[in-house]
Amino acid sequence: MEPTVSFFSGFTLNDLWFLGEAALRTMWISALSITIGTVLGVLFGWVLYEGKWIATLTVAPFLDIFRSVPLIIQLVLFYNFAPIVGLNLDPFASGVVILTIYTAALVANVARGGMEAVPAPMRRAARSLGMTYWQDLRHVVLPIGGRAVFPAWVGVALGVMKDSALVSVLGYVELLKASQILITRTQEPFLILTLAGAFYFALSYPISRYAATLERKWAQ
Amino acid sequence: MIEIRDLHKYFGALHVLKGINLDVKKGEVLSVIGASGSGKSTLLYCINGLEPIQQGHVTVDGTDVHARGTDINGLRQKLGMVFQQWNSFPHLTALENVALAPRIVKGKSRAEASDIARKQLGHVGLGEKLDVYPSALSGGQQQRLAIARALAMEPEYMLFDEATSALDPELVGEVLETMRMLAEEGMTMICVTHEMGFARDVSDRVAFFHQGVMEEIGPPAQIFGDAQSEHTRKFLANVR
């Protein structure tokens, strides 16, 4: 009898390295999207806060679309239809674009809430000291409102980090995609998904710990 | 000098100030009394341009507050204001609360701004609380912090909008004491107040507002002893 050909091979230390690299890619795509998305989100949040009817007609519906359509649909649609309008983006860039807009849409409402949390008399007091509108915004509204909604923002950021797993459908080898590749080869889904989960946890936990420390510091 | 001429203010259809004429000279302490809703707080907001006006003029040292092209942020540095709600910035220590505006509005260095803040906090009796956050201060201390914050801009006028109304009764005294000290130092002050004792003892003149009209103005002795207007007498009889 011929020796059987082995299609599958066991989990090795190299595979752990492979997962680690993928975790770095998850971290990278998340960090980029969350950072740019937060900046844009605060900007949109300010437009919602100040813009009144103009914002209701423009920014608000645009953000609603990205908040309401499942991320996986946005990713697939964008990745496949962007080339039609001449945008040839690789899976990473497509992922960043969609995750960024998605983050911005979520952060916009958080940011608006934060700005609304600053009482009007506080702003009047700032203006009465001779501060301009922008000084008041920069030194009073953003720090006070930012602290009020910081926990909500952390929630958004951690959510986006986990949702970045969906970029795997475009073929970008981040944690989830890397796990799928290894599962196919080793046939050990239990072990590998547990490891992947541990990596996600290792990425999230320091952030939530650090956030808790900041909140404690601000609460004094 | 603050000159107010034929000032009319509306909130929508509501006619809040109905043609106010008033001059406040340098060094003068004016108390404004009257029932809630008589327009006395709105008057202060109109003086430093926090509320737009619909008719008339407010002039501070010759500058029309509401004219187009007036540098309102520059003008407000002359007009310190203390509010009923003290509005301390919760994310900053007492020192930083006071140092913020001198630094970002007047462009002072961090060290200069801190020196000013230290001096003003000492002035209002908070020299021991420099690094404390407002949440750890009592209402009276926070109100004195607000006074120090306004003084740090080296204003020429101070506007007090019911500075003691939101305080627990036992904390009113320390804030009134600080206001009295400023008056004795020669600060020009307009105090909207419900503290009749303060109005009587500290002010040079007292103005009584009734339904958007300045019914009567005069020295404390006249207003409290020999009021000309029926409304004034009625109001004073009720608050005593």
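Of the heavy-atom accessible surface of segment B:128-172 (probe 1.4 angstrom), what whole percent is carbon and sulfur?
41 percent
Under the rule a/c < 1.5 gives rounded, and otherwise a/b versus b/c splits prolate from oblate, where does the protein assembly as shown land using the Cα gyration tensor?
prolate
List the residues whose amide H sits under 5 Å from the amide H of B:D23, counting only those 5 or more places along or on another chain, with H placed 1.01 Å from N in the peptide plane.
Hits under the 5 Å cutoff: B:I4.
Where does helix B:94-104 land angle-wise versus the long Cα axis of chain B, in degrees 0 to 90, nearest 10?
Value to nearest ten degrees: 80.
For B:D64, A:D64, A:D15, B:D131, write out the residues from largest to smallest accessible area, computed with a 1.4 angstrom probe and no ligands counted.
Output order, biggest surface exposure first: B:D131, A:D64, B:D64, A:D15.
Using θ = phi - 60° and the Karplus relation 6.51 cos²θ - 1.76 cosθ + 1.60, list the HN-Hα couplings for segment B:111-119 in order, rounded to whole Hz, with x at every Gly or Pro.
After applying 6.51 cos²θ - 1.76 cosθ + 1.60, I find 5, 4, 4, 5, 4, 4, 4, 4, 5 Hz.
Short version: ³J(HN,Hα) in whole Hz for each residue of segment A:59-68, in order, from phi by Karplus 6.51 cos²θ - 1.76 cosθ + 1.60 (θ = phi - 60°), x for Gly and Pro, what are they?
These are the phi-based 3J(HN,Hα) values: 5, 4, x, 4, 5, 4, 4, 6, 7, 9 Hz.
Could you point to the residue in A:Q74, A:V110, A:L129 farthest towards the positive end of chain A's charge dipole, with +1 and -1 charges on the Cβ of Lys/Arg and Asp/Glu respectively?
A:L129
Given the whole protein assembly as supplied and a 1.4 Å probe, what does the accessible area of B:L95 come to in Å², nearest 10?
Result for B:L95: roughly 20 Å² accessible.
Going by alpha carbons, how many degrees (0 to 90, nearest 10) lie between the helix axis of A:175-186 and the longest principal axis of chain A?
10 degrees
Quick one: which residues, 5 or more positions from B:M81 or on another chain, have an amide H under 5 Å from its amide H? H modelled 1.01 Å from N in the peptide plane, none for Pro or chain starts.
So B:M81 has HN proximity to B:L159.
Sum up the charges of everything whose Cβ sits under 10 Å from the Cβ of B:E162, counting Lys and Arg as +1 and Asp and Glu as -1, but leave B:E162 out.
Residues near B:E162 contribute -1 overall.
Under the definition of Cα pairs under 8 Å and six or more residues apart, what whole-number percent is the relative contact order of segment A:20-219?
On the way: 202 pairs, mean separation 60.0, N = 200.
30 percent.
Nearest 100 Å² is fine: what is the total accessible surface buried where chains B and A meet, probe 1.4 Å?
1900 Å²
Which residues of segment B:67-104 end up with at least 50 Å² less accessible area in the presence of all protein chains than when their chain stands alone, using a 1.4 Å probe?
B:N73, B:R76, B:N87, B:F89, B:H91, B:I104
At most 10 other C-beta atoms within 10 Å and a DSSP loop state: those are the exposed GluC sites (Glu not before Pro) I care about. Give me the longest piece of chain B that has none.
Counting at most 10 other Cβ atoms within 10 Å as exposed, the longest clean stretch of chain B is B:1-127.
Where the centre of each part is set by its Cα atoms, how far does segment B:35-109 sit from segment B:200-240, in angstrom?
26 Å
Test of understanding: given chain A, find the longest segment containing no chymotrypsin sites (Phe, Trp or Tyr not before Pro) that are in a DSSP loop and have at most 10 other Cβ atoms within 10 Å.
Looking at chain A, A:9-220 is the longest stretch - no exposed chymotrypsin sites (Phe, Trp or Tyr not before Pro) with at most 10 other Cβ atoms within 10 Å.
Going down the list B:K40/B:K78; B:K40/B:K234; A:K52/B:K78; B:K9/B:K119; A:K52/B:K9, which pairs span over 29 Å between their C-alpha atoms? Show your work: numbers first, answer last.
Values: B:K40/B:K78 20 Å; B:K40/B:K234 18 Å; A:K52/B:K78 33 Å; B:K9/B:K119 38 Å; A:K52/B:K9 25 Å.
Violating the 29 Å Cα-Cα cut-off are A:K52/B:K78; B:K9/B:K119.
At 1.4 Å probe radius, can you tell me the per residue accessible area of the protein assembly as shown in Å²?
Averaged over the residues of the protein assembly as shown, the accessible area is 47 Å².
Ordered by residue, what ³J(HN,Hα) values in Hz, to whole numbers, does segment A:138-148 give under the Karplus form 6.51 cos²θ - 1.76 cosθ + 1.60, where θ = phi - 60° and Gly and Pro are x?
Once rounded to whole Hz, the list reads 6, 9, 10, 5, 5, x, 6, x, x, 5, 5.
Taking a ≥ b ≥ c as the square roots of the Cα gyration tensor eigenvalues, with a/c under 1.5 meaning rounded and otherwise prolate when a/b beats b/c, else oblate, which class fits segment B:1-76?
oblate
The values are calculated or read from the model by the stated rules, or taken from the named source; none is laboratory data. In this text, all values refer to a predicted model and were calculated from it rather than measured experimentally. Glycine also receives a Cβ, built like all others from the backbone with ideal geometry; neighbour counts cover every protein chain displayed. Calculation scope for accessible area: heavy atoms of the full protein, side chains included, ligands and nucleic acids excluded. Shrake-Rupley method; radii C 1.70, N 1.55, O 1.52, S 1.80 Å.
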